[in-house]
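So the structure is just underneath, and the comments pick up after that.
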Amino acid sequence: MRVYRFLDEEYAIRSIQERRLKVSRLDDLNDPFEFQVALDRSSAESIAITETLKNLSDQWGVLCFSRGWGNPVIWSHYARKHYGIALGFEIPDDGPMTVTYANALPAPRFTRRDERTEIDTQSIQEILATKFAHWHYEQEVRAWYELESCTREGDYYFKTFSAELNLREVILGARCAVAEADERLRLLASSVTVRRAALSHDRYEMK
């Protein structure tokens, strides 16, 4: 599966040179509605969700990608108003989680086990992969990684490029000051395509 990560040009070049991406923790994501559910916050079910998400956050991190790079809004929001860079990766087809977009918060299901309230496994998947419908332009997929498999530097975690995170494209934003022949891109293998995005002449689209 080909997916794209949009970055400020400085961080994109650093990622290329260091051959890695910064992994986000669950509480790092930019939408305060992430992982919110349609429950009374004081209920036993809500407490079970809070505990489950904390355990997940302690063990897992996520890389968020888009399925395409042609939407100009993504460039405006995540690539410094088209001054940034999109990195295209090949990742396993069966690995990432496809985000679902909705107008209502997820309504999870629960079970009782040993006098404990536990959230249904499928409900956990729904909570981790549901966002407000207005985010649909992102066409987001999420790749989850155990933090133990990542490189830690202080409070930050990084995932090294590999066969399962294989850099294949570098797309410079339409306003990006980095040139296609920039010497900082010479570290790339011949299998990586470097090109520049341009505005379509007849559609609100990058080509």
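The values are calculated or read from the model by the stated rules, or taken from the named source; none is laboratory data. The model shown is predicted, which means the values in this text are computed figures rather than measured ones. Reconstructed Cβ throughout: ideal geometry from the backbone, glycine too, with neighbour counts over all protein chains shown. When the accessible area is computed, the model is the full protein with side chains, heavy atoms only, and any ligands, DNA or RNA have been set aside. Shrake-Rupley method; radii C 1.70, N 1.55, O 1.52, S 1.80 Å.
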### Query
Packing-wise, with mean Cβ within 10 Å as the measure, how do 137-143, 123-129, 152-158 rank, highest first?
137-143, 123-129, 152-158
### Summary
Taking alpha-carbon centroids only, the range 152-196 lies from the range 26-49 a number of Å equal to 35
### Summary
residue 99 neighbourhood, Cβ < 9 Å, K/R = +1, D/E = -1, net charge 0
### Query
Can you list the equivalent-ellipsoid semi-axes of the range 115-207, largest first and in whole Å, using the square root of 5 times each Cα gyration tensor eigenvalue?
35, 23, 11
#### Entry: Size of the range 31-122 as Cα extents on the principal axes (Å, biggest first)
54, 27, 22
## Note on the structure
Ordering 167-175, 20-28, 51-59 by per-residue average of other C-beta atoms within 10 angstrom, highest first, gives 167-175, 20-28, 51-59
#### Entry: Structure-derived Cα Rg over 2.2 N^0.38 Å - corresponding label in (i) 1.13; (ii) 0.95; (iii) 1.27
(i)
### Query
Got a number for carbon plus sulfur as a percent of the range 81-207's accessible area, 1.4 Å probe?
47
### Query
If you take the charge dipole of the chain about its Cα centre, with +1 on Lys and Arg Cβ and -1 on Asp and Glu Cβ, which of 52, 181, 33 is farthest toward its positive end?
181
### Rounded accessible area per residue of the chain, 1.4 Å, Å²
58
#### Entry: Carbon and sulfur %, accessible surface of the range 20-70 computed with the full protein complex present, 1.4 Å
52
### Summary
From DSSP H assignment alone, runs of 4+ in the chain each adding -39500 (n - 2.57), the sum over residues rounded to the nearest 500 puts [θ] at 222 nm at -6000 deg cm²/dmol
### Task
Just subtract the alpha-carbon distance of residue 93 and residue 26 from 0.36 nm times their residue separation and send over the number in nm, one decimal.
21.9 nm
